[in-house]
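Undergrad: Just dropping this structure here.
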Amino acid sequence: MAQTNGYGGYDIVAFPPAETFYASARNWHVFSARGPVGFAYCFAEGVRDGAAYRLGWDGMQWQLAVPITSSPDWQGTLQIDGAGSGQGYLRGGDYSSGTASGGWTIAWLGLAELDGLQKGSVAVLGPGRADFDFSLAGSTAAILKVEECVARQGATAVIAAPSFADPSERTLRTFAVVGDWVISEHLQGSQVRACEARDTVQPTLRFEIDRDNSYIDFKDNGQMGGIGARVPVMIGFGPGSAPTQHMVEIIEGSDGEIWGRLTEGRMDGPGLIDDAFQNASQVSFQGPNIILERGLYGSGAALDAYFRCSNGIQ
């Protein structure tokens, strides 16, 4: 396993087995990683056509990692919205260089290139053998979340299991019953730490919210994948809307069942739970070993109560 790289820091692909989910930021998911002697780096991961790419920082050097093979000490180009950003967005040359590790090509980023990545719409990294283009939607939120993750050394990472899984620490209290849905408060002592909404008739969908994140959990009663796996899932809302891809983590719920979990940061602006679920009549989830389609009758009123419950979270 790699220790430190040439400048004394870490490549943002060095410790895959020790990467832990930290938070979501717009279209990105942020992870932290620990090395042999402690915290190593944080990165935001996006997905293009099922292929993940990374934007990360180890506290010393910002890096961009894309899933193509190249040689160490490669030299090539990085273009953002069709231009170089060597002196900031749309200013300066497009020269880029970096290293390679396994099937990853890593580009070293200066603050000028980082500025371009935050302001741009599309980037293309060309290390010489092949180009890799990817969207920059949500990159500003992702970079800010990576900075936060490094500052906290990944300490606030969200564990895969639901936050209300330990009954010795939290108790449930019914907040409201809306049709088939039960909305509950999760209490720690007398304080509300989280709220959840569960469909008691079709128990394949649930929502949870705490101070920092909201969670959309679903299951198709199959294997779905290994615990801790991150998989791309197409989520569609009917009638009429085109499915969009999201990275989902496979977790074991408090019921012992396998669930898929989509995490949305509350500070990142409106997400699916704020809009799509309240305005659609059905939802579908499709991904590797995952297929679920179900109606959303009554979920809008349930989510109204769920958000009322969240106002009391401390």
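Undergrad: Would you pick out the residues in the range 25-41 that are over 12 Å from residue 149 (Cβ atoms) and either open to solvent by less than 30 Å² (accessible area, probe 1.4 Å) or in contact with a Phe, Trp or Tyr (Cβ under 6 Å, 6 or more places away or on another chain) (or both)?
TA: 35, 38
Undergrad: Now a separate question. Looking at 22, 53 in this structure, which one is in contact with a Lys or Arg (Cβ under 9 Å, 6 or more places away or on another chain), within 24 Å of residue 265 (Cβ to Cβ) and touching a residue at least 40 places away in the same chain (Cβ under 8 Å)? Steps first, answer last, please.
TA: Details: 53 fails: in contact with a Lys or Arg (Cβ under 9 Å, 6 or more places away or on another chain).
After ruling out the rest, the residue left standing is 22.
Undergrad: Please specify each residue of the range 63-80 satisfying the condition of being open to solvent by less than 20 Å² (accessible area, probe 1.4 Å) and part of a strand (DSSP E or B).
TA: 63, 64, 65, 66, 76, 78, 80
Undergrad: I'm trying to understand the selection: among the residues of the range 246-262, which are touching a Pro at 6+ places or on another chain (Cβ under 8 Å) and either open to solvent by 70 Å² or more (accessible area, probe 1.4 Å) or of a type in the set (Val, Ile, Thr) (or both)?
TA: Answer for the range 246-262, where residues must be touching a Pro at 6+ places or on another chain (Cβ under 8 Å) and either open to solvent by 70 Å² or more (accessible area, probe 1.4 Å) or of a type in the set (Val, Ile, Thr) (or both): 248, 251.
Undergrad: Go through (1) more than 18 Å from the chain's Cα centre (by Cα); (2) surrounded by fewer than 20 Cβ atoms within 10 Å (Cβ to Cβ) one by one and return the number of the condition residue 270 breaks.
TA: Here residue 270 clears every test but (1).
Undergrad: Moving on to the next point. Taking the options 83, 44, name whichever one is surrounded by 14 or more Cβ atoms within 10 Å (Cβ to Cβ), over 22 Å from residue 262 (Cα atoms), touching a Lys or Arg at 6+ places or on another chain (Cβ under 9 Å) and hydrophobic (A, V, I, L, M, F, W, C).
TA: 83
Undergrad: Restricting to the range 274-302, count the residues that are closer than 14 Å to residue 216 by Cα, open to solvent by 30 Å² or more (accessible area, probe 1.4 Å) and in a helix (DSSP H, G or I).
TA: Count: 1.
Undergrad: Which pairs do you get when a residue that is basic (Lys, Arg), found in the range 90-105, comes within reach of a residue that is surrounded by 16 or more Cβ atoms within 10 Å (Cβ to Cβ) and assigned to a loop (DSSP other than H, G, I, E, B), reach meaning Cβ atoms under 9 angstrom, with the pair 6+ apart or on two chains?
TA: 91/84; 91/85
The values are calculated or read from the model by the stated rules, or taken from the named source; none is laboratory data. Note that the coordinates shown come from a computational prediction; the quantities given were computed from them, not determined experimentally. Positions of Cβ are generated from backbone atoms using ideal geometry, with glycine treated the same way; all protein chains shown enter the neighbour counts. Heavy atoms of the whole protein, side chains included, go into the accessibility calculation; ligands, DNA and RNA do not. Shrake-Rupley method; radii C 1.70, N 1.55, O 1.52, S 1.80 Å.
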